[in-house]
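One structure is given below, encoded as structure tokens.
The values are calculated or read from the model by the stated rules, or taken from the named source; none is laboratory data. Every value quoted in this text rests on a predicted model; they were computed, and no experiment measured them. Glycine gets a Cβ as well: all are built from the backbone with ideal geometry, and neighbour counts include every protein chain shown.
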Amino acid sequence: MNETISFTLNGKEVTVTTEGERPLLWVLRTDLGLTGTKYGCGEGTCGACTVVMGNRAVRSCIVPVRSVRNREVLTIEGLARNGQLHPLQEAFAKHDALQCGFCTPGMILNAYSLLLRKPEPTYEDIVSGMEYNLCRCGAHTRIIRAIEDAAAEMKGAR
Amino acid sequence: MNDDKLQVAEHGRDESLYPVSRREFLQGLGGGIIILFATGDLGQGQQRRGERPDFNAYLRIGEDGRVTCFAGKVELGQGPMTSLAQTLADELDVSLDSVDMVMADTARCPFDAGTWGSTTTPRFGPILRAAGAEARAVLIGLAAVRLKVPKEQLAVKDGVVFDKTQQSRRVTYAQLTQGKRIERHLEQAPEIKTVGQYNLIGKPINRLDARDKVTGKAKYTGDIRVPGMVSAKVLRPPSHGATLTSLDTSAVDEMEGYQVVRDGELVAVLHKNPDQAEEALKNLKAEYDIPKARFDDKTVFDYFMDNAGEGRVTDNAGNLGSGRKLAKEVVEETYLNGYVSHAPIETHTAVAHFEGDKLTVWASTQTPFGLHRQLTRDLGMPAENVRVIAPFVGGGFGGKINFEQAIQVVKIAKIVKKPVQLIWSRADEFFYDTFRPAAAVKIKSGFDNSGKMVLWDYTVHGMGGRGAKLFYDVPNNRTTLHRELRNGERQHLVKTGPWRAPDNNTNSFARESHIDVMAARAGIDPLEFRLKNIQDEKFRAVLKAGADKFGWTPAKKSPSGRGYGMACGFDVGVPVVLFAEVAVDERTGSIQVKRVVCAQDLGLVINPEGVALQTEGCITMGMGYALTEEIHHSDGRVGDLSFGTYELPRFSWLPKIEMVLIEADDEPSKGAGEPAIICMGGVLANAVYDATGARVFQIPMTPERVKQAIAARA
């Protein structure tokens, strides 16, 4: 059964008419044409599809689109403001915290939500917060460095 | 300038074998300077098939001064988009941001065999440099005429040629190429820059694709949208070897917006949305005939060894009988390594779009030209009517040499006459993967009173010999590979294929474990034992540099309890040594890797940052096959179809990683994408032994296996 679902996506109101059970991931990628959010497993085990809902990182492949009704969703496309990269994006680029880049949007958004909860994370906070976002290329050490760097940068800006 | 040395060749060849004709290829490029060049290894491969190309990459300096490099290589994450641009910019003396890379498009780039085996930097790089040098020479020649200054008096910086004696006399590459059309075919390499002349080579450069990848703009195959496109999901058979005996599609046929297609064993559901196509698969009723398998992932090793065919001796020196006589002690052990999956985060994906008599395929593949060749042959289409593009690829590791998903989607698109996108599910990815083969390595070896090895009899079952060639100096040695069974049957029941440094991970695990077993029996420190038995100076330098960095000291007793291990390896011309420190929880059998030091000799390093990234990637990924990753299967059913049971390395596993590069700027460049991974099994097994006194003969070293080894220790 189709439902009409409105929510805020990257700061803009959007409305989709589709089956409410469908995963948010595919509604974003197909109906809404935002392909920055990646499919990696469809089971919530890899984190490539991570988006931020409210202030919380969620795995959009297992979130029914119905559950974002009237909520705010942030995807990788909405992170840079006015062409200005977010400090996390800058730091990931600066530290080469990626190789193939396929897990990167999910990594960045998971880190974004981590920093909302813990603006001054310890190394252990970062490791445990990022633990279940998988990277196959092995960019992990740089991802940690990038998050540390971004946290410091954001603290300076506050 | 090398005018006289340069031969501008006339080329007679069969245009039909090319994706696009040479003429078509070069038309539409506009003016500027075009340098065509051929890489040696590809030339040979082509020659064998009677399709010798006269060039397989080219670059152009446009009338706007921008440089475009067209190359058939694929950006899988290993960084060629950056390192090739860096290489070319240096040789041409232009800024890095004036270079555009066009890669992996069969209609725009000339033939390339594929992106694998750490060949991009060592083989493609030097020819690209030669082409850059040639283009620079042409431009300097033009500038000399324009400025009326002898060539020797000219220098170039950032794409501007100037008179060294009077810098205001200058002309840009753009001004020089304006209105010109110069085509050069590079047959003899011109002089390239040497150590001391580089501007960019050897400098750490950030990835050029980073901005697109951190903003979500980077396009992968799954991000391709073609008007009218539908999504397909394939019905995965329950096992390898299964045949479809009946199929009832009626439940899906009745659903609006869905379509079922079948082509032999290939069954797919189509819908405009991939998630809905996948849901609908559940409504298909399929029955299969599943044959009994001869072995499973546990019995495979004995099966291979008990039913071994004749084998092929690949190395043989001295006399094994004399070796046995000289030996103070003979040590015989067998080492096992299971099936592993490539598990890239991007699953195999492809889009097929037929338009009239033309076909365009986008595919996440390491072999766009191989796919092009197969499609052309399967469909009986003229080569120039088929175009294959590999956009950004989300990891390959050898697994995307296989392009089965593209073959499937083309079959489907041909039937439904619409553009179709196929994204393998994670379970599909695990199931259809070409796994790294399980293999057993039997080693019988001996050492004399002085700790010198005198016997090495090395037998491999189940895989090939990359990394089996011995770099220790043993006078009496033999290496035998068994890749067939006694009755001539193929060994593996599931598909197998290259996995990052194929064979070498298993060969190095076996060899380096065994070296430590011998060192312990001989009562000699593992580093000293290796130095006693390796003469090669380069290798010794790497060993010593790594040991220094790690701070290796001989232990008072063995095992020392420190949890220190080391392992050597040799891959794609690179000597590599790893040192590691681990902690083992004897109660749970779990292993924490605390520190890894990697020493390697990569020759001239183009991008130290890229090398560091690749090396860290090797070490991190290598922990997976050493500790957890293993594909279970029985009766052709794959037991691990998700990350729930197939465990990849995660953040909490990270050791402190340090590296040492031997300075060798005057040596040719080597690829860094594979060597460091080959020692991970061996170095961790040796460190676990040093920590616990338990020798683990099978990787991955799961907690279960570690506990068994602890229970069995002497």
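Numbers at a glance
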| quantity | calculated |
| --- | --- |
| Residues (of a type in the set (Asp, Glu) and either facing another protein chain (nearest Cβ under 9 Å) or in contact (Cβ under 8 Å) with a residue 40 or more places away in the chain (or both)) located in region A:109-123 | none |
| Test result for residue B:123, among the basic types (Lys, Arg), assigned by TED's automatic domain parsing to the domain that holds residue B:80, outside any loop (DSSP other than H, G, I, E, B) and within 30 Å of residue B:388 (Cβ to Cβ) | yes |
| Selected residue (only one of A:101, A:106, A:129 is modelled with pLDDT of 95 or more, in a helix (DSSP H, G or I), closer than 18 Å to residue B:217 by Cβ and within 11 Å of another protein chain (Cβ to nearest Cβ)) | A:106 |
| Residue A:148 charged (D, E, K, R), more than 7 Å from chain B (Cβ to nearest Cβ) and either buried (at least 24 other Cβ atoms within 10 Å of the Cβ) or closer than 11 Å to residue B:214 by Cβ (or both) | no |
| Qualifying residue in region A:56-65 (condition: assigned to a helix (DSSP H, G or I) and assigned by TED's automatic domain parsing to the domain that holds residue A:17) | yes |
| Residue that is nearest to residue B:612 (Cα to Cα) [pool: residues in region A:95-145 that are among the basic types (Lys, Arg) and surrounded by 22 or more Cβ atoms within 10 Å (Cβ to Cβ)] | A:142 |
| Any hit, region A:114-121, residues being closer than 16 Å to residue A:90 by Cβ, in a helix (DSSP H, G or I) and among the aliphatic types (A, V, I, L, M) | yes |
| Residue in region B:233-256 that is closer than 30 Å to residue A:79 by Cβ and not aromatic (Phe, Trp, Tyr) present | no |
| Positions within region B:147-189 being under 39 Å from the mean Cα position of the chain (by Cα) and in a helix (DSSP H, G or I), in sequence order | B:173, B:174, B:177 |
| Unique residue being free of Cβ contacts under 8 Å to residues at least 12 places away in the same chain, of a type outside the set (Lys, Arg) and over 30 Å from residue B:337 (Cα atoms) when the list is B:215, B:245, B:221, B:299 | B:215 |
| Within region B:239-321, helices (runs of 4 or more DSSP H) holding 1 or more residues that are within 14 Å of chain A (Cβ to nearest Cβ) and under 24 Å from residue A:1 (Cα atoms) | B:274-281 |
| Of all residues making up region B:624-656, the number that are crowded, with 19+ Cβ neighbours inside 10 Å and in a helix (DSSP H, G or I) | 6 |
| Test: residue in region B:262-273 that is over 21 Å from residue B:364 (Cα atoms), out of contact with any Ser or Thr (no Cβ under 9 Å at 6 or more places or on another chain) and not aliphatic (A, V, I, L, M) | yes |
| Members of region B:329-363 that are outside the structural domain of residue B:510 (by TED's automatic domain parsing) and either surrounded by fewer than 19 Cβ atoms within 10 Å (Cβ to Cβ) or modelled with pLDDT under 95 (or both) | B:355, B:356, B:357, B:358 |
| Selected residue [of a type in the set (Asp, Glu) and surrounded by fewer than 24 Cβ atoms within 10 Å (Cβ to Cβ)] from B:616, B:663, B:674 | B:663 |
| Per-region count, region B:129-168, residues within 30 Å of residue B:574 (Cα to Cα) and either among the charged types (D, E, K, R) or surrounded by 24 or more Cβ atoms within 10 Å (Cβ to Cβ) (or both) | 4 |
| Complete set of residues in region A:67-76 that are in contact (Cβ under 8 Å) with a residue 60 or more places away in the chain and buried (at least 20 other Cβ atoms within 10 Å of the Cβ) | A:68, A:73, A:74, A:75 |
| Subset of region A:132-145 [part of a loop (DSSP other than H, G, I, E, B) and either more than 9 Å from every other protein chain (Cβ to nearest Cβ) or of a type outside the set (S, T, N, Q) (or both)] | A:132, A:134, A:135, A:136, A:137, A:138, A:139 |
| Verdict on residue B:121 being of a type in the set (Val, Ile, Thr) and within 14 Å of chain A (Cβ to nearest Cβ) | no |
| Members of region A:23-49 found to be assigned to a loop (DSSP other than H, G, I, E, B), free of Cβ contacts under 8 Å to residues at least 60 places away in the same chain and either facing chain B (nearest Cβ under 7 Å) or more than 22 Å from residue B:431 (Cα to Cα) (or both), listed by number | A:32, A:33, A:34, A:35, A:39, A:41, A:42, A:43 |
| Some residue of region B:444-459 being in a loop (DSSP other than H, G, I, E, B), among the charged types (D, E, K, R), surrounded by fewer than 24 Cβ atoms within 10 Å (Cβ to Cβ) and outside the structural domain of residue B:268 (by TED's automatic domain parsing) | yes |
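To keep it simple, each residue is scored yes or no on (1) within 11 Å of another protein chain (Cβ to nearest Cβ); (2) closer than 29 Å to residue B:123 by Cα; (3) modelled with pLDDT of 95 or more.
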| position | (1), (2), (3) |
| --- | --- |
| B:628 | no, no, yes |
| B:634 | no, no, no |
| B:640 | no, no, yes |
| B:651 | yes, no, yes |
| B:665 | no, yes, no |
| B:672 | no, yes, no |
| B:678 | no, yes, yes |
| B:681 | no, yes, yes |
